[in-house]
Structure formats: C-alpha cells, structure tokens
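Structure, as structure tokens:
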Amino acid sequence: MTAKQRNFIGFLFFSLSVLPCRVEAQQFAPPIMGWSSWNTFHVNISDSLIRTQADAMVRLGLKDVGYTHINIDDGFFGWRDASGEMHPHPQRFPNGLKVVADYIHSKGLMAGIYSDAGANTCGSKYDADDHGFGAGLYGHEEQDARLYFRDWGFDFIKIDYCGAGTWLDLEEQKRYTAVCEAIKKEAGHPVSINICRWAFPGVWAKNIATSWRISRDILPNWSSIKYIIEKNMYLSAFAGDGHYNDMDMLEIGRGLKPSEEEVHVGMWCMMSSPMLIGCDLNKLNESSLALLKNRELLAINQDRLGLQAYVALRQGPGYVFVKDIKERRGLTRAVALYNPADTALSFEVPLSELELAGKAKAKDVISHAEVKIETVKSPAMNGNVLKATVPAHGIKVMTIEAKQRIAPTRYEAEWAYLPAYNDLGKRKLPVGFTKVKGSSGGICVSNVGGDMDNTLVWKHVWSEQGGTYKLRIRYVDAQRLTMKVMVNGKEAYALQTSQQAIAKNQIDFKEAAFEINLKPGDNEVKLYSPLTLIPAVDCLYVDKTVTGK
Ligand code: GLA
C-alpha cells in the first residue's frame, strides 16, 4: 500500500471511528484519542512494547470506541550520522521505526512520534538519556520531517521545548512557527502537531498546531489532576475550530481513586482535551477500562462542535461547567458539577444559569441515572433547579435537554478572548485571571490595554432577534484609567475612571452602562484602550430594554 493510500484509509478510519455515529458531517477533527508511552515507561520503550500496546488497544475494544493513536514519546533516539540523519536506538528499536509505524498502521491505527524544538530532548536532561543530546529538531527541521513523516510514515508529532528553552533560549512563537513550517513543507501528508511548552503559549499556537500543552507534566496523584483543571479553567476562548488545549496524557489505571478517575476522564472530556491513555494497557482493571470506554462520555469529548466547557458558576468550593454539544445554542448541553474539595458538596443550580428553561431532563453519563430537576418557588430561586450531591474529589457529568434555550444576561470576563494572553510568565504586566473578592465568578481579568493587540473580546454576545440593549460593564475602579468599548467593530462607548487612590484592601466595583443596538445572532463586544491599561474587568451584563426602539 502506498503512503497516499494509507493516509486516505487513515483519514477514513479517523472520520468513521469518532463517536457517536452521526448523521451530520464532522465539522472539525476532534481531539485525538489514543495511547502514549511516556507516563508509565519514560525512555524505557522498545519495538515489542509498542507492538503489545497496539495489540491491546485493538483487543480491549479501545480502538472501537475511538482511541486511534499509538504515540511513541521520548526515548527512541539513537544517533545522528555524518549527514545528520537520525538513527533509532539500536537496542530499543533494532529494526528501526518504520517497521513499528507500519505495524501500528496495519492494525488500523495512527502512529505518533516525539521530538524537541531545540537540540536536546527532555530525556537527555531529566532521564539520563544521552542519546537525546543533539537529537532535537534544531538545525535538522526539514531533514527530520522528511524522515519521520515521509520515510517512516508517522501521522502525529509532539514537540517538546527542553532543548529550545534551557540550552538555546529561543523565542517560542518564532521557533515553533519555523518548525511547523518545515513539517508542513516536508511531511508529504497532513500531520497533527502538538506543542509541548508546559504552559499556555499564546494565541499563535492555534494557527500552527492542533493542540498545545497548558501545564507542567501530569502525575498520577489527585493534586496534579486538580492543578491541571485549574490551569485550563478559563482557557475555553482560546480553543476551538479543531484546535485544543492539551491537559496532558491520562493517568487512568495508575493509582487514582475511582471518583478521581471519574473527575480526570470527565473533565478531559468536558474540556475537549486530547485523550492519550498513559498506562500499560495490559494492566488496566475492569472499572478503569469501562470508564475509558464510556461512549456517552467520549461523545462529549469528540462532539462535532469541538468546544471547551467554561465555568458557568461557582457554588462554594465547587464549579459548574457547561458547553454546547451537537448544535450551537441548541437545547442539549453538557454540564459537569465538579467538586475539588475534600468533603461532599451539594449543588443547586438554577437551569437559567445554564441558559435553559422549561421542562428539562438531566442524565448522568457515568452512572446512567437521571438527575433530579425540581421546580422551586422561593424569593431566592425561582424556576427549575438541578440538585445533586457530589462526593469529595468527585464529579457528575450530565447531558441536559430542555424545552427552551434562553439568552445569557451575564458574560464573565474570564470567558473572553484575550489576544495578548499567555502563561509563559515573561511579560512585566501579564494579562491575567486574578482572584478578586466580590467579583462574580471570583475572577477579574487584569492588565488588558496599553496597545491595540491587548484587548478583551466577547465574541458571542447573543441576541435572539436583535434590538436595543443596555450593556453594563462591571469593573474595579482603582486608578485613573481609560476604557473604550467597540460593538461589532464600531466604537460605542468611552469612559475615564474616576478613582485616583483607594483605601488599602478596599475593592471598589463600578458599572459603566450604555445603550446599544445588537444584531440578531452573535455580536462582538471588545474592551480596549490604546494608551493606558483598562481597569480590571469582572463581567458584562446584557439586558434587553423593554422600551427598545
Ligand atoms: C517533557 C514532556 C513530557 C514528556 C517528556 C519526555 O517533560 O512534558 O510529556 O514528553 O518531556 O522527556
């Protein structure tokens, strides 16, 4: 079979294997699902190990539910010859890598490989793998791309940053762009690229890669799972259109408690993260395997809209995540009640907070039980309310179908798109998600402004029929600043904050209110200031004016 034929079959298989069976065509490639060698085996990998994992993937029925990738992580490198050509590790892969990729493909699976944007691999630094020195892509971009993709036939690559950061001090965007261009030029077929810079690298990643890591390496313990979920909590606006925030390889089957495993898979699905199993597949127990194969849960990860859930609201230490599935602004939404605390937590979530109304049905996709929705009539809460108790370190993932979809009246700043945001810690005044007491959702976005590339944009301010609306922006008034508002590309409002100095520890929330005309459907509201920072922003309220023109 030629590489071209194989790629076509791979693509066909990829499209057909995504869950569930759909009538509508897949709009974007969903997050990749599969297995990766790193978490359990580190650099101690071999030809036979990779083959046994590919066999297990098929035998255990994981392939049937959508796990299509077998990814070889760090550890396969041997040496470069005089022409710079990379040779695989002579003991670990005595017959080379092409035969291994061919074997993976022969099972109807896709093959992934690993490298570094710099000269040396992370394994050379942290796993005493001397073969990793000089093994990275630095100075060999096109040569390695030809070898890995054209000659050996790999379909995916994860590109690490140890060599590029530590030894060479390269600039991320420039370096990854150059590497990705070389791959696109030389690969000869589409390659899925993962940027591994261990922090949200910046919005540019979406233009060149399929996914990008947003956190330090995952570990098989609860605090690591909790930390990664926190890292990804406010990044939903940066994913989409077939490009995903990568929460790292799964630690299922590696010692987490059952409820923690549910959180792990549940949140990776809600957040549309790549799903790469990281354990020895031959040692998976029944319940972990069943969780990994839960079709309803995986359908949330592989949903055709490819959206990442956002925090709709917080209840005590708990979080309510939500996202559209199947159809944008449709009647079915995926919802997760996440309890990171060490004791059980009872949630009471008004359906209106999930933009749903009328008769509704909630189904727990892990226990398959129906979740209670009660009609409450009290001054504090009126309407249908979702009620559930979630155990410590636990989650309830549901699909909720309601009779009616309602328009949001509040948009949190932490849902917005921030073109200047990155988590590399290099900016003097980093644009960031700051915990502010008294703010709705507990978070404000700070340090936006100063130039036209550093703005805050709500791209999906919804109006069913269009008309006149009162917009209110809630912000923290702390010093004399300016803030301008653009609605659908036109300047709509400008404000000079009044406060010059406030008492220590005092937070002075203010609202800027103005009337505006919104068009039917999505509207864009942008906050900016070309010369100064804008104040820290809490949220935007959007109310239809009764007396609308
Ligand atoms: C880094 C990555 C890991 C893994 C190792 C390999 O630490 O973040 O996921 O690929 O390198 O050395």
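The values are calculated or read from the model by the stated rules, or taken from the named source; none is laboratory data. The structure displayed is predicted, hence computed values, not measured ones. Ideal geometry is used to build each Cβ from the backbone, glycine not excepted, and the neighbour counts take in all protein chains shown.
What the table below lists for this structure:
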item	result
The range 383-405, residues that are crowded, with 16+ Cβ neighbours inside 10 Å, among the β-branched types (Val, Ile, Thr) and either touching a Leu at 6+ places or on another chain (Cβ under 9 Å) or within 13 Å of residue 359 (Cβ to Cβ) (or both)	385, 390, 395, 397, 400
Residue match in the range 197-207 (condition: surrounded by fewer than 21 Cβ atoms within 10 Å (Cβ to Cβ), under 30 Å from residue 108 (Cβ atoms), touching a residue at least 24 places away in the same chain (Cβ under 8 Å) and among the aliphatic types (A, V, I, L, M))	no
Segments classed as helices (runs of 4 or more DSSP H), wholly inside the range 1-100, with at least 3 members that are surrounded by fewer than 13 Cβ atoms within 10 Å (Cβ to Cβ) and at pLDDT below 95	3-17
Scope the range 130-142; condition on the phi > 0 side of the Ramachandran plot and within 11 Å of the ligand (Cβ to nearest atom); matching residues	none
One residue from 115, 106 being of a type in the set (Ser, Thr, Tyr), surrounded by fewer than 20 Cβ atoms within 10 Å (Cβ to Cβ) and assigned by TED's automatic domain parsing to the domain that holds residue 61	106
Condition met for residue 142 (among the acidic types (Asp, Glu), modelled with pLDDT of 95 or more and under 26 Å from the mean Cα position of the chain (by Cα))	no
Conditions (1) touching a strand residue (DSSP E or B) at 6+ places or on another chain (Cβ under 7 Å); (2) not assigned by TED's automatic domain parsing to the domain that holds residue 318: number failed by residue 366	(2)
Restricting the range 68-86 to residues that are touching a residue at least 40 places away in the same chain (Cβ under 8 Å) and in contact with a Leu (Cβ under 8 Å, 6 or more places away or on another chain), the residue that is farthest from the ligand (Cβ to nearest atom)	85
Cβ-Cβ under 6 Å pairs, at least 6 apart or on other chains, the range 122-149 side over 11 Å from residue 80 (Cα atoms), far side within 11 Å of the ligand (Cβ to nearest atom) and assigned to a helix (DSSP H, G or I)	122/162; 123/132; 124/132; 125/162; 129/123
Matching residues, the range 212-243, being within 16 Å of the ligand (Cβ to nearest atom), more than 15 Å from residue 422 (Cα to Cα), under 15 Å from the mean Cα position of the chain (by Cα) and surrounded by 19 or more Cβ atoms within 10 Å (Cβ to Cβ)	218, 225, 228
Residues within the range 407-464 that are over 18 Å from the mean Cα position of the chain (by Cα) and among the acidic types (Asp, Glu), tallied	4
Residue, farthest from residue 196 (Cα to Cα), within the range 148-176, restricted to residues that are within 14 Å of the ligand (Cβ to nearest atom) and either outside the structural domain of residue 186 (by TED's automatic domain parsing) or of a type in the set (A, V, I, L, M, F, W, C) (or both)	156
Single condition residue 391 does not satisfy, out of (1) in contact (Cβ under 8 Å) with a residue 40 or more places away in the chain; (2) within 30 Å of residue 544 (Cα to Cα); (3) over 22 Å from the mean Cα position of the chain (by Cα)	(2)
Residue among 43, 65 that alone is within 16 Å of the ligand (Cβ to nearest atom) and within 18 Å of residue 249 (Cβ to Cβ)	43
Cβ pairs under 6 Å, 6+ apart, first in the range 242-269 and farther than 16 Å from residue 231 by Cβ, second among the aromatic types (Phe, Trp, Tyr)	242/28; 260/222
Hey, residue 145 within 16 Å of the ligand (Cβ to nearest atom) and of a type outside the set (D, E, K, R) or not	no
Complete set of residues in the range 103-129 that are over 23 Å from residue 67 (Cβ atoms) and more than 13 Å from the ligand (Cβ to nearest atom)	119
